[in-house]
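Have a look at the structure below, then the notes.
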Amino acid sequence: MRGRRLRAWTSLASLGLALGGCASFSEDGGLSVARNYAALELRKDIVKVNEEGVALTAEARVEQLLRRPLTADSAVQVALLKNRALQAAFNDLGISEAQFVQATLPPVPRLTLSRVGGDFAVEVSRQVVISLFELATLPVRAEVARERFRSDQYRAAEQVLRLAGEARRQFYRTVSANQSTAYLEQALASAESASTLAKQLGETGALNKLEQAREHAFYSELGAQLAKARVLQRVERERLVRLLGLWGREIDFKLPNGLPALPKHLVTGTQIEAEAVKKRADIQVARFELQSLALQYGLNQASGFISVFDVGYSDLYDRTKTFTPNSQGGFDVSRDKTFQRGYSIDLVIPIYDFGTVAIRGAKEAYLGAANRLAERAVNARSEVREAYQRYRGQYDITRHYQGSVLPLRKTIQDQALLQYSGMLIDVTTLIIDARSRILSNIQAIEAQRDFWIAATDLKAAVVGGGFSGGNFGGESAGVEGVAGGGGATLAAATPGG
């Protein structure tokens, strides 16, 4: 009897394992999708720091990258290895994988034991119950969990792309701030020399007090703007430090003196819309969420009438003792034993709505996910077109500054200086031309910065990871949000701007 019961429960458990197809934990913690995006789209490596050996290897790689001046690519690699928010996202993915594996396991039988004794009687009852409803729906529930886990895998990949884009944008902002500050320092040195010369000419009577005051005011204003530029320089560097996840002596990394030169060849705009719909990680997230909700909707329809169906086996063992007086003046003891077996079925029928509420909620969730997926696809196409227009437009603007505006400004200032030396113009005209040239140079630096940020946005619009919408020169966001803002640029605060 016991052997038959054991074989029956073993067969039922084996059936559950076969239906569920129990999943196992992956060797990389579910990072295969994120690792593919990092390798193919970013050409970078990612690691999950979950043991000391991996941490030491990552630290050694970061230390090697920080020995040389950072580039945009090396800054992205450092961020992918050191940023703690990204590691937390990998931990969240590990939790999602654990939930997926748990969902593929068959329902656990419930065992109930009770023993009641007294007055020479003992009653022992045993009951084992298993949910046939959960067992029957295990394949569907396992598939739902699998789709949700796949969605979380692409969500982790999106976090990788987002961090890479933010780090690259902030790198360009920081280098631009350094380059602008260096240019203003050179301009201030020239203005200081002119101010000193104006003072000497004033002492000799060759320059009146009005022209001296204008020269001194220009030097003073330029000094104030340099102070603002230095504040912005330090702020942008700290934002980059936070994105890279550096601390201690690591924050003393070096940066290049200027932004990279414009590329010789631009990215073509053909087929980028279709490529975005195919590659973007956020669209893949929405697709897998839609598939999981579709499966959940079907499961709710199937379970609308009966939501609980438990089957159990129970037995009852009863033992009593009876004492009967005998002729010798003692007692005869008789023992009675009974053993009863049976089965139990537990049904829960939603008599008030027959599953209507659950089905209606699942349907609305499915339709909402379908609409969000369609919205993301439409927005992705629009964002790619916008990003490409900004990318191409900023390239033309930067080329215009470098090829036309800056050479003309230099010619104007050189000619103005010659005429001023020949006493043909006064100092006011010379200061106005100097201010205009400073403004044009700062704007040229910012245009070059904005081009590289636009190039980063174009890549993000195609593969995912956040779209700044062209807010190139303002506040930069942290790991939690999309890079971009709307603050004032340095050129707007420069004398003459």
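Any idea which of Ala79, Val128, Pro139 is furthest toward the positive side of the dipole for region 25-176, if Lys and Arg beta-carbons carry +1 and Asp and Glu beta-carbons -1? The listed residue farthest towards the positive side: Ala79. Under a cut-off of 28 Å between alpha-carbon atoms, report the lysines in cross-link reach of Lys199, not counting same-chain residues fewer than 8 places apart. Candidates past the 8-residue exclusion: Lys209, Lys228, Lys410.
Overall, the accessible surface of region 138-199 at a probe of 1.4 angstrom is composed of carbon and sulfur to the extent of 47 percent.
Accessible surface area normalised per residue over region 74-181 is 39 Å², counting heavy atoms of protein chains with a 1.4 Å rolling probe.
Evaluate E = 1/(1 + (r/R0)^6) for Val378 and Glu63, where r is the Cβ-Cβ distance and R0 equals 45 Å; express this FRET efficiency to the nearest 0.05. Calculated value: 0.50.
Taking a ≥ b ≥ c as the square roots of the eigenvalues of the Cα gyration tensor, region 43-167 is classed as prolate, since a/c reaches at least 1.5 and a/b is larger than b/c. Normalised by the number of residues in region 122-266, the mean separation of alpha-carbon contacts (under 8 Å, six or more apart) gives a relative contact order of 34 percent. Simple point charges give the picture: +1 on the Cβ of Lys and Arg, -1 on the Cβ of Asp and Glu, and for region 381-453 a dipole about the Cα centre of about 260 debye. Gain on full extension, evaluated as 0.36 nm per residue between Asn371 and Thr429 minus their Cα-Cα distance, stands at 14.7 nm.
Distance between the modelled labels on Arg335 and Thr320, one decimal in nanometres: 1.7 nm (7 Å Cα→Cβ projection). Of the accessible area of region 45-97, with the probe set at 1.4 angstrom, what percent is carbon plus sulfur? On region 45-97, the fraction of accessible area on carbon and sulfur atoms equals 49 percent. Shown for region 213-277: the carbon plus sulfur share of the solvent-accessible area, taken with all protein chains present and a 1.4 angstrom probe, equals 56%.
A simple spin-label model places pseudo-atoms 7 Å from Cα toward Cβ; at Ser193 and Ser24 they are separated by 7.5 nm. Descending by average beta-carbon neighbour count within 10 Å, the peptides 152-160, 188-196, 81-89 line up as 152-160, 81-89, 188-196, the highest first. The length gained on full extension between Ala217 and Asn91, counted as 0.36 nm times the residue separation minus their Cα-Cα distance, comes to 39.6 nm. Set the bar at 19 Å for Cα to Cα. Now go through Lys44/Lys279; Lys279/Lys459; Lys82/Lys459 and name every pair that lies beyond it. Beyond 19 Å between Cα atoms: Lys82/Lys459.
Round to a whole angstrom and tell me the spacing of the C-alpha centers of region 219-252 and region 93-107. For region 219-252 versus region 93-107, the Cα centre distance is 46 Å.
The simple Förster model, with R0 at 25 Å and r as the Cβ-Cβ distance, assigns Lys410 and Lys254 a FRET efficiency of 0.25.
The values are calculated or read from the model by the stated rules, or taken from the named source; none is laboratory data. Owing to the predicted nature of the structure, the values given are computational and were not obtained by experimental measurement. All Cβ positions, glycine included, derive from the backbone under ideal geometry; neighbour counts span all protein chains shown. The accessibility values were calculated without ligands, DNA or RNA, using every heavy atom of the protein model including side chains. Shrake-Rupley method; radii C 1.70, N 1.55, O 1.52, S 1.80 Å.
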